[in-house]
Amino acid sequence: MLTNNSSSTSCVQVSRDLQQQLVLLRLSLDSPALQFPEIWLRDNCQCNVCYMQQTRSRLPHGWNYLDPTVRLLQLSWCTERKSLQIVWSDGHKSSYALSWLKERDFSHANRARYLRDSYRPEQRLWCGKEFQLIQREFLYDDLLHNDETLLHWLHHLAVYGLALVRQAPLEANVLRDLCNRVGFMRSTTYGDEWSVKAQPGASNYAYLAEPLPLHTDMPYFEYKPSITLLHTLQQSDSPGGWNLLSDAFYVAELLRQRYPGAFKVLSETPVDWADIGSEKHLKFHNIWRAPVINLDANGRYVRINHSIPQRDSHFSVPAEQVRPWYEAMALFIRLANEQACTFKTTPGDVLTFDNVRMVHGRTGYDDTDQNVRHIVGAFLDWDIAYSRWRVLKTDLGHYNK
Ligand code: OGA
Ligand code: ZN
Ligand code: ZN
């Protein structure tokens, strides 16, 4: 229900929906009204008692005293200052600029725009056959010196989960410099950067020349590193050493559609992921217990966990859940392999991918003194990468296009 005491100046018209306690702002006759819950307006008053410009944040005492029974008493539009004016039942007065309000309109379309443009870009899931279509290459030097390229790379990585950087020098600092362009590296029990080289008697399965089946890195961490970077310094001339990559969110979606029972099992059965060892005198015993397919409250994919060597023999679920889990997992692994794309990096390539979403591996290779493969790995985290993506979008003026 709308009140009839709406006030109108030039083409801006303000009114209230009393039933839903909304303030409505109509900017023109043929566009839908912007909508704002009254209690939200009170909470987000922009005056210097309620809001601190310098820290760009709400002043904390507001919530300590916020009274949800406060009511809107007077509503008007100031044409001169292009702002909404409100007087509240506790005597407080608020004023909100039109540009600020437009950005925060509660309409479905505006919330979708904000989530897509400012929160995270929408992910596009892809099958193995689409690899050539989604694959993009970025030159290392451009990434280091051109902000547009840096933004494009981060955006591509967020949307497709995979991007190849080419022509990086064959030097030790490449991954650090790239990570520093974004923010900073994520270190783990294995240090900042790690070397993947065939080492007989290695304590980690990846450091053998054997095939490395599809996996996510470090599923045994609650806060698992979320972007993996693999810099090829030397590549084996043997027929092996190919990279395998599969979009595990796409695989999960296939399961959801074709095998809903298996999907339910893999998204509900917690698995014990573990890594025990020592590195540079630090003994560690990492465990994280979570399903293979992790969903949020809306059923959207948030994380995949999978690594055969790092799945513990402890399986702390009731015994009757074990066989159904193995049967579902066999399907997941078969589909992930069917959907994998393959390619072989050359020295100077930096393969970057979303370690929350993609599963990756490599084929086995021969390793001899004359035929060496040497990959350096490092991690970034999405929090840092998305932050950089937003800052670049703002600085490069991409929000108002
Ligand atoms: C790893 C890994 C890939 C490769 O060490 O976890 O995925 O190409 N290595 O050797
Ligand atoms: Zn105020
Ligand atoms: Zn790996």
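The values are calculated or read from the model by the stated rules, or taken from the named source; none is laboratory data. As the structure is a computational prediction, the values presented were derived from the model and not from experiment. When we count neighbours, we look across all protein chains shown, and the Cβ atoms used for this are built from the backbone with ideal geometry, even at glycine.
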Q: List the number of the failed condition for MET52; all other conditions in (1) loosely packed, with under 14 Cβ neighbours inside 10 Å; (2) touching a helix residue (DSSP H, G or I) at 6+ places or on another chain (Cβ under 9 Å) hold.
A: (2)
**Q.** Qualifying positions in the stretch 30-55 - assigned to a loop (DSSP other than H, G, I, E, B) and closer than 15 Å to TYR96 by Cα
**A.** ASN44, CYS45, GLN46, CYS47, ASN48, VAL49, CYS50, GLN53
Q) Which one of these does GLN123 not meet: (1) outside the structural domain of LEU245 (by TED's automatic domain parsing); (2) in a loop (DSSP other than H, G, I, E, B); (3) touching a Leu at 6+ places or on another chain (Cβ under 9 Å)? A) (3)
Q | Filtered residue count, the stretch 364-401, keeping only those that are surrounded by fewer than 18 Cβ atoms within 10 Å (Cβ to Cβ), within 16 Å of ligand 3 (Cβ to nearest atom) and not in a strand (DSSP E or B) | A | 1
Q) When you go through VAL251, VAL302 one by one, which is the residue that is away from ligand 3 (no atom under 16 Å from the Cβ) and over 27 Å from GLY364 (Cα atoms)? A) VAL302
Q) Within the stretch 348-357, how many residues turn out to be in a strand (DSSP E or B), more than 10 Å from ligand 3 (Cβ to nearest atom) and among the hydrophobic types (A, V, I, L, M, F, W, C)? A) 2
Q: Might you check whether a residue that is touching a residue at least 12 places away in the same chain (Cβ under 8 Å) and among the polar types (S, T, N, Q) occurs anywhere in the stretch 45-60?
A: yes
Q | Residue pairs meeting the criteria (Cβ under 9 Å; at least 6 apart or on separate chains; first assigned by TED's automatic domain parsing to the domain that holds GLY191, in the stretch 355-380; second within 16 Å of ligand 2 (Cβ to nearest atom) and small (Gly, Ala, Ser)) | A | none
Q: Hand me the list of strands (runs of 3 or more DSSP E) wholly inside the stretch 231-305 holding 3 or more residues that are under 30 Å from ASN173 (Cβ atoms).
A: 243-247, 271-279, 282-290
Q: Just need a number here: residues in the stretch 180-225 that are under 30 Å from ASP147 (Cα atoms), assigned to a loop (DSSP other than H, G, I, E, B) and either basic (Lys, Arg) or over 26 Å from the mean Cα position of the chain (by Cα) (or both).
A: 1
